[in-house]
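Read-outs: derived from the displayed coordinates by stated rules, not from any lab. In this text, all values refer to a predicted model and were calculated from it rather than measured experimentally. All Cβ positions, even for glycine, are placed from backbone atoms using ideal geometry, and neighbour counts span all protein chains on display.
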Amino acid sequence: MPTFEYAPAPESRAVVDVDSTYGLFINGDWVDGRGTAFKTVNPATEEVLADIHEASPDDVDLAVKAARTAYTRVWSRMSGADRGKYLFRIARILQERAREFAVLETLDNGKPIKETRDVDIPLAAAHFFYHAGWADKLSYAGYGPDPRPHGVVGQIIPWNFPLLMLAWKVAPALATGNTVVLKPAETTPLTALLFAQVCQQAELPPGVVNIVTGAGDTGQAIVDHPGIDKIAFTGSTGVGKMIARSIAGTRKKATLELGGKGANIVFDDAPIDQTVEGIVRGIFFNQGHVCCAGSRLLVQETVADEVVRRLQRRLSTLRVGDPLDKNTDVGAINSRAQLDRITSLVDAGEAEGAERWDNGCALPQKGFWFRPTLFSGVTQTHRIAQEEIFGPVLSVLTFRTPQEAVAKANNTPYGLSAGIWTDKGSRILWMADQLKAGVVWANTFNQFDPTSPFGGYKESGYGREGGRHGLEAYLKGSI
Amino acid sequence: MSTTDTAVDATARARDLLGVSRLTNQALTSWLHGLRGVDQVGCEARAAGLGTRSIKNDSKRWAIDLAISMIDLTTLEGADTHGRVRGLAAKALSPDPSDLTTPRPAAVCVYGDMVATAKEVLGDSGVKVAAVATAFPSGRASMPVKLLDTKDAVTAGADEIDMVIDRGAFLSGDYLTVFHQIAQTKAACGDARLKVIMETGELVTYDNVRRASWLSMLAGGDFIKTSTGKIQPAATLPVTLIMLEAVRDWRELTGEMVGVKPAGGIKTSKDAIKFLVAVNEVAGEDWLDNQWFRFGASSLLNDLLLQRQKMKDGVYSSATYIADDSPSTAY
């Protein structure tokens, strides 16, 4: 038994009411879906949280029509200043109800309350505040004197940051004058549905935001609907390619934010204790369910053993368990399917000869869990160095020179993120120039801000979200 | 063992650790500047992260008692009188007269001329007497004076000596002088344990804090201590984090444990528990003992006692329910 045992410090579930059934949010109202209802579970306990209606293609059609009507009659005619007022109102309500959202997100997603409370929800509110500010200043954004919205935008978001990804999509779309049909991921629909209540509370005109729930078929119905002007998608590269194929030859625009296999590059002059923290934040934040995760650690050979040793010591202090406990560092894997995928890739890593280490912590009996895991002796040709694992698994590779680090970092079909750890400012700039990654962090990792554009190179997708660059995707005459 | 022998021992050991045949300022500089740098933003983020731990119920009860047992109950005022020191020492003997299960602080920390008075009250109670020495707080005196200051306190019965380093020498890069001063003071301590005050508020950068920590450990300090309490900022969590990393890495290198003492500015139980969380998660649980971790504080004890009473009775008392010999400065 440890000397200093932290007593359980769970956040109260009572702050949020979870309904037993959720319909679809179309034209400002709740309607029944005509598809086959499904269940959303708490991945930490496998407890069923609610029944969720599935939107059929007819329901999607209803939602797109509502969005079109709202666009032509209300939203596109409204002044930017007035649109901004709605967005400010939504942002404030998100802050007021932050605790409710944090608990619900943790219940539905499995991520620790520490992260939903300190990262997901505050950042989601920040995105609305930021874009609210742009709504009446679009003429000064550098996209011409009177940039116009596309119209109706179909948005499909993933399960790793459910409310935050919604904010990344909805806030810029609304600020620029578009209306929205959004589909949350089938394993994490609850915060999007609570957000629908926020839209009602903010008295957002009906039809401006429509939320339809379902899995791949519902997503396909949105992508294929002729009334959709633009698709914004965040998710896997496989689905991203399907979307690109579906809309090829149509007038539909798209931004795709897809997978990644981020390289976190550590030089021997790096500030080592903070580097270890950054590596942990890079891959064990959100159980590694992060598209821009630093899942490949590239360490200069001279310090590789030391970095691995310090990393193992640090991982042994990570607290894995009840996501609602305020002291939990690593929560549950989001679904059985994802757990299976992680397990199979980790098995492949072992079979290919990489050395597997995990922190040996106790795991809860029920729910989907995976120990923080580290592979050393990984080479570029191993699957665990090439494929996105999307779990708490770090592959450690080594390099000898800065040139080799760049070459290895870029030797992947992905190009979403990279990290550089060194005390040399000039080397940071030189490296950042060479790395084919949409985001390069220096002496930090996984930092997000609404003012900073985010997006990928190569198979990590195209288009940017956030900042001035992110507005471009929602305005005509651009991408 | 004579003073010179120990100084020679410290030098010999330093030569050995540094792998040099002669301990020069150049050799010390290379070694200290070869330590890995500290990234300020990352260090502060880590400290803030540790500060979000939520310590409840039994853990909180346990942590409060541990924190009380780690306090160096301190009075270091020009206006200190024998009466006040006797009062403080009596407080250390029975911190909460309404609950005799309350643990006692580790030590009472006073100026050298008050050692005998404190010792008279504390006797062999187990509560130690710590004395500040070496021209505390500025350290601006000649070496013979500093050594005499130290020996005087030890002769008067001090169990522990809190010395200050020569920050001027450190900041001008004269590490060898700082090394020798610490080694000589250590020798003058005899059996007393030596705490080395780095006055981190004057060292300013985290890189300096790390270097001063390693230099102090190399020269034979038994404890590294943040501050005199006379300079702001005093004991911050990030600075203490750097020091905890230093003692952890020092043990990895030499097998020896060195204690850590943040002093000044830690006033509430909540703050104290944050420090204990940092000790637990950075240095490790071996340091969760007053042999290896101390709080230099005066008002902290009363807040811990209030919290302790609250945990027991379920209600908060006002400060008037905490018996204190010098209540005016305590709240």
- Note on the structure: Expected unfolding gain across residue A:468-residue A:379 under the 0.36 nm per residue rule, minus the alpha-carbon gap, is 28.2 nm
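Taking only C-alpha pairs under 8 Å that are 6+ residues apart, what is the relative contact order of region A:317-475 in percent? Write down the numbers at each step before the final one.
Numbers: 233 pairs, mean separation 21.6, N = 159.
Taking the mean separation of contacting Cα pairs over the length of region A:317-475, I get 14 percent.
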- Note on the structure: Rounded to the nearest whole number, the per residue volume of the convex hull around the C-alpha atoms of region A:60-171 in Å³ is 115
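Send over the per residue convex hull volume for the protein assembly as shown, Cα only, as a whole number of Å³. The partial results should precede the final answer.
Working: hull volume 143.0 nm³, N = 810.
Cα-based convex hull of the protein assembly as shown, divided per residue, equals 177 Å³.
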- Two-decimal ratio, region A:1-138, of alpha-carbon radius of gyration to 2.2 N^0.38 Å: 1.34
- Could you give the dipole magnitude of region B:3-325 about its Cα centre, charging the beta-carbon of Lys and Arg +1 and that of Asp and Glu -1, in debye to the nearest 20? 460
- Note on the structure: Footprinting proxy, A:291, B:109: sorted fewest to most Cβ within 10 Å, the residues are A:291, B:109
- Residue by residue, what Karplus-based ³J(HN,Hα) values in Hz, rounded to whole numbers, does region A:56-66 have, using 6.51, -1.76 and 1.60 with θ = phi - 60° and x for Gly and Pro? 7, x, 5, 5, 4, 4, 4, 5, 5, 5, 4
- Item | Long-range amide H partners of residue A:442 with built H, under 5 Å | A:420
- Here region A:408-420 yields Karplus 3J(HN,Hα) values (6.51, -1.76, 1.60; θ = phi - 60°; whole Hz; Gly and Pro given as x) of 5, 4, 7, 7, 7, x, 8, x, 9, 9, 7, x, 10
- Note on the structure: Amide H neighbours of residue B:164 at under 5 Å, excluding residues fewer than 5 places away on the same chain, with H built from the backbone geometry, are B:133, B:197
- What FRET efficiency, computed as 1/(1 + (r/R0)^6) with R0 = 41 Å and r the Cβ-Cβ distance, is obtained for residue B:33 and residue B:113, rounded to the nearest 0.05? 0.55
- Calculate one ³J(HN,Hα) per residue across region A:251-257 by plugging θ = phi - 60° into the Karplus curve 6.51 cos²θ - 1.76 cosθ + 1.60, and present them in order as whole Hz with x for glycine and proline. 7, 5, 8, 8, 10, 10, 10
- Query: Counting pairs of alpha carbon atoms under 8 Å apart in space and at least six apart in sequence, what relative contact order in percent does chain B give?
  - Reply: 19
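Can you give the alpha-carbon Rg of region A:374-479 over 2.2 N^0.38 Å, where N counts its residues? Please list the in-between numbers first.
Working: Rg = 15.4 Å, N = 106, 2.2 N^0.38 = 12.9 Å.
Normalised Cα radius of gyration, region A:374-479: 1.19.
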- Query: Which angle between 0 and 90 degrees, to the nearest 10, do you get for helix B:40-50 versus the longest principal axis of chain B when only C-alpha atoms count?
  - Reply: 30
- Item | Extent along principal axes [Cα atoms of region A:376-435; Å; largest to smallest] | 33, 23, 20
- Which whole-number value in Å³ per residue fits the convex hull of the alpha carbons of chain B? 125
- Message: Testing the spin-label approximation: label points 7 Å from Cα along Cα→Cβ at residue A:73 and residue A:313. State their distance in nm.
- Response: 6.7
- Final fewest-first order of B:53, B:210 on the 10 Å Cβ neighbour count is B:53, B:210
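Report Rg(Cα)/(2.2 N^0.38 Å) for region A:261-310, keeping two decimals.
Details: Rg = 10.6 Å, N = 50, 2.2 N^0.38 = 9.7 Å.
The value comes to 1.09.
Any idea what the dipole of the protein assembly as shown comes to, in debye rounded to 20, about its Cα centre with Lys/Arg Cβ at +1 and Asp/Glu Cβ at -1?
Values: 86 positive and 94 negative charges, 366 e Å.
That gives a dipole near 1760 debye.
What FRET efficiency, computed as 1/(1 + (r/R0)^6) with R0 = 25 Å and r the Cβ-Cβ distance, is obtained for residue A:362 and residue A:336, rounded to the nearest 0.05?
0.80
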- Message: Cross-link candidates for residue A:253: which aspartates and glutamates have Cα within less than 17 Å, leaving aside residues fewer than 8 places away along the same chain?
- Response: A:224, A:229, A:465, A:472
- Message: Can you give the Rg/Rh ratio of region A:263-442, where Rg is from the C-alpha atoms and Rh is the Kirkwood radius?
- Response: 0.95
- Task: Figure the gain on full extension for residue B:318 and residue B:253 (residue separation times 0.36 nm, minus the Cα-Cα span) and round it to one decimal in nm.
- Result: 18.6 nm
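Which value, in debye to the nearest 20, gives the size of the charge dipole of region A:329-437 about its Cα centre, when Lys and Arg are +1 and Asp and Glu are -1 at the Cβ? Provide the component values of the computation, followed by the final result.
Values: 11 positive and 12 negative charges, 31 e Å.
Dipole about the Cα centre, nearest 20: 140 debye.
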- In µm²/s, what is D for region A:410-450 at 25 °C and 0.890 mPa s, where D = kT/(6 pi eta Rh) by Stokes-Einstein and Rh is the Kirkwood radius from Cα pairs? 228
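Hey, what did region A:120-209 get for relative contact order, percent, Cα under 8 Å, at least 6 apart? Display every interim value, and only then the final one.
Working: 103 pairs, mean separation 28.0, N = 90.
Over region A:120-209, the number comes to 31 percent.
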- 10 Å binning of all Cα-Cα separations within chain A, expressed as whole percents from 0 upward: 4, 21, 30, 26, 14, 4, 0
- Using the number of other C-beta atoms within 10 angstrom as an exposure proxy, rank A:203, A:11, B:77 with the fewest first. A:203, B:77, A:11
- Query: Once amide H atoms are placed 1.01 Å from N in the peptide plane, what residues at a sequence separation of 5 or more from residue A:325, or on another chain, have their amide H within under 5 Å of its amide H?
  - Reply: A:11, A:113
- How much length, in nm to one decimal, is gained on full extension between residue B:16 and residue B:41, taken as 0.36 nm per residue of separation minus their Cα-Cα distance? 5.5 nm
- Message: On C-alpha positions alone, give me the angle between the axis of helix A:237-247 and the longest principal axis of chain A, in degrees, nearest 10.
- Response: 30
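Based on the alpha carbons, how large is the Rg to Rh ratio for region B:221-267 when Rh follows Kirkwood?
Details: Rg = 11.4 Å, Rh = 11.1 Å.
Dividing the radius of gyration by the Kirkwood radius yields 1.03.
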